[in-house]
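**Student:** Dumping the structure here so I can ask a few things about it.
Taken together, the values in this text are just the output of simple stated rules run on the coordinates, not laboratory data. Computed from a predicted model, the values in this text were never measured in an experiment. A quick note on method: Cβ atoms are made from the backbone with ideal geometry, for glycine too, and the neighbour counts reach across all protein chains shown.
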Amino acid sequence: MRSDRLGETLLPKKLALPIFASDALSSVAYAPDEIFLTLGLAGGFLALTHSWQIGLCVVAVMLVVVASYRQNVHAYPSGGGDYEVANTNLGPRAGLTVASALLVDYVLTVAVSISSGVQNAAAALPFIRGREVVVAVGLVVLLTAMNLRGVRESGKAFAIPVYAFMASVIGMGVVGLVREVTGTLPQAESAKLTLAPETGFESLGGFALMFLLLRAFSSGCAALTGVEAISNGVPAFKKPKSRNAATTLLMMGLVAITMLMSMLVLAKWTGIKYAENPAKQLLLDGKPVGDTYVQDTIMGQVSKAVFSGFRPGVIIVSIVAGLILVLAANTAFNGFPVLGSILAKDGYLPRQLHTRGDRLAFSNGILILAGAAAFLIILYDAEVTKLIQLYIVGVFVSFTLSQTGMIRHWNRHLRLERDPRARARMMRSRVINAIGATMSGLVLVVVLLTKFVHGAGYAIAAMVVLFFIMLRIHRHYERVREELRVLEDDSEAQLLPSRVHAIVLVSKIHKPTLRALAYARATRPNRLEAITVNVEPDETRALQEEWDRRRIPVPLKALDSPYREITRPVVEYVKSLRSGHPRDVVVVYIPEYVLGRWYEQVLHNQSALRLKGRLLFTPGVMVASVPWQLRSSEGVEERLDGPTAGSVRLGQ
């Protein structure tokens, strides 16, 4: 797609919602599980009595965060999101902290969402069990391919499953409410079981109980992941960008809250028992159910209870839940590349991440994200319970710093603004962001206290490593920029060389060699000579005789090589030419022929590549490649759509 067609890829709200909100909406499928798993450590009673209360606390945090981020998208519509806010208002180090946290969390979003999607789909598709890792990695590859096709096309593909998930969960909530009111809502299959507490959790004191509740709350805050994705993706919206992004953010928050609370309430009404170690914790008639017991997800158990007697309803919920969890990774596939592009533009990541591919997508960022997520899926065997422990911390690091930065943003503007109405609006926004910063900070502390030893420490370590890597990359770019900068009185960079000494490398007399000699003579250097390396004396003698017979008007010199090397004698000879003449320039002409077929590469050596690699590090030396295209290379440029088709070899 041409660059001037970028506007065609911009998203209306109906497509932006499934693209950017799928992560937050999909958390409904695993956030209740994590709440029940944590509370289930102390037995089944605690999960049924406190799960909905913890859900209300999560809802309160979500409302505050959504309200806070609506201020962000209006103040910073350029798409930097949390990174831009922190970088502008708190300084580059704070911005880099946010960026490292978000990049790590985007990778975890893909790993967690796809792993959870595979587990949910296994409830309706039993053949997946035991093959979760293979299926999950395959889905990562599929998502990567779809996103490489472009943002708008992936949005069209994902819209139907996301809306189907919203309709199925909300519809299940309505059916469950009606059946509860009419007294026809049955109990879940696990309701007849007894959930025994884990060892050490049999009797909890006040502090231990509070710590367990806080840990369940921090796990439930997985429902907030993805909220920041809209603020990072504002440039992808159609105009007016900020207003459309803010509206989409509000819609996402309200739908996510409705679905989360309906799931928690239905789980309470149906009496679900959910354990981290079901084979030992779940008891039937006082005896453990054993390894043969298959524990479905909370959503799977709720759907079987609500739609008892209506099997298609269970299948639909399981399938769309699996799909939405897989597609939730698409939020990261849109957020990670955009953030990587902004960081690359600022010099914190390699420049290649700033460039759009031929489909106007940030292809390099997409590929890096996919590779990192696939690695985590394989490392943790696609088990959500393990991966989820690494999750969340990065989100609340960015939440806290972003909202703190917004407070400073409003303070700075209030000092300059004199219009009473504008000041009132800014003060209202500052209050919202202050509440958001305070609440996000408190949740971050809770997450660190309750999840650090359970896996969050690894995520923090990854953020620290990434932070220092980006610092080093930035320093490298700054150092290169400083070395290459032309000063006002820098006359040395404009001086012409005193003499040009041209050298043509010769291995044998053939068409590439003759072309290189003709080109070198056409440049009219001060001195021109041809050199060959004397590896085989008989071949060198024959070459010299043919050279004289053809009366080539360029002197040929043979360099001795007792160890049969080619690169070192040439490099040492070139260096000797500049010895004592720092203003001289040596131009080395290398005749090469271009191969068109990949399997031909193994039949030829890499001497040209090695020689050029050494000469590039030699001061005052220029390297000129003189290519000769073989017939096999014809048409390769058109097939590969670029001038890098085939491979070049030293003409020997």
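**Student:** Under the 0.36 nm per residue contour assumption, what length would be gained going from the current alpha-carbon distance of Asn277 and Val181 to full extension?
**Tutor:** That works out to 31.2 nm of additional length.
**Student:** Return one number: the angle in degrees, 0 to 90 and rounded to the nearest 10, between the long axis of the Cα atoms of helix 537-550 and the longest principal axis of the Cα atoms of the chain.
**Tutor:** The angle comes out near 60 degrees.
**Student:** Here's something else I'd like to know. Based on other C-beta atoms within 10 Å, arrange Ile460, Ile366 from fewest to most.
**Tutor:** Ascending number of Cβ neighbours within 10 Å: Ile460, Ile366.
**Student:** Taking neighbour Cβ counts within 10 Å as the exposure measure, how do Asp419, Asp23, Asp296 sort from fewest upward?
**Tutor:** Fewest-to-most ranking of Asp419, Asp23, Asp296: Asp419, Asp296, Asp23.
**Student:** Give me the angle, in degrees from 0 to 90, between the Cα long axis of helix 206-220 and the longest principal axis of the Cα atoms of the chain, rounded to the nearest 10.
**Tutor:** Taking the Cα atoms of the chain, the angle to 206-220 is about 60 degrees.
**Student:** Rank these for me by crowding, Met427, Met406, going from fewest to most other beta carbons within 10 Å. Write out the running numbers ahead of the final one.
**Tutor:** On the way: Met427 13, Met406 27.
The order, fewest Cβ neighbours first, is Met427, Met406.
**Student:** Where does the chain land at 222 nm, in deg cm²/dmol rounded to the nearest 500, when only DSSP H runs of n ≥ 4 count, each adding -39500 (n - 2.57), divided by all residues?
**Tutor:** So the helix-based figure for the chain works out to -20500 deg cm²/dmol.
**Student:** Moving on to the next point. Relative contact order for the chain: what is it in percent, counting Cα pairs under 8 Å that are at least 6 residues apart? Don't jump to the answer; show the numbers that get you there.
**Tutor:** Details: 1080 pairs, mean separation 129.3, N = 652.
Answer for the chain is 20 percent.
**Student:** Another question, then. Taking a quarter of the surface of the convex hull around the Cα atoms of the chain, what do you get in nm²?
**Tutor:** Its average projected convex-hull area is 39.9 nm².
**Student:** Quick one: if you stick a label point 7 Å off each Cα along the C-beta vector at Phe468 and Glu565, how many nm between them?
**Tutor:** Simple spin-label model gives 3.6 nm for this pair.
**Student:** Okay, moving on. Quick one: helix 311-345 against the long Cα principal axis of the chain, what's the angle to the nearest 10°, folded into 0 to 90?
**Tutor:** That helix lies at roughly 40 degrees to the long axis.
**Student:** Excluding residues fewer than 8 places away in the same chain, name every one of the lysines whose C-alpha is closer than 21 Å to that of Lys557.
**Tutor:** Qualifying lysines at Cα under 21 Å: Lys508, Lys511, Lys575, Lys612.
**Student:** Still on this model: On a straight-distance basis, which lysines could pair with Lys241 in a cross-link, Cα separation under 26 angstrom, same-chain partners fewer than 8 positions away excluded?
**Tutor:** Once the sequence-local lysines are set aside, what remains near Lys241 is Lys13, Lys14, Lys156, Lys345.
**Student:** A further question on this structure: Assuming 0.36 nm per residue, please report the length gained on full extension of the stretch Ile315 to Arg408 beyond their Cα-Cα distance.
**Tutor:** 28.5 nm
**Student:** Can you tell me the length gained on complete extension of the stretch Ile378 to Lys557, counting 0.36 nm per residue apart and subtracting the Cα distance? Walk me through the numbers before you get to the answer.
**Tutor:** Values: separation 179, 0.36 × 179 = 64.44 nm, distance 5.84 nm.
Difference between extended and current length: 58.6 nm.
**Student:** How far apart, in nanometres, would the label points at Ala208 and Glu478 be if each is projected 7 angstrom from Cα along the Cα-to-Cβ direction?
**Tutor:** Calculated label separation equals 5.1 nm.
**Student:** Further question on the same structure: Can you give me the C-alpha center-to-center distance between region 308-356 and region 217-252, rounded to a whole angstrom?
**Tutor:** 13
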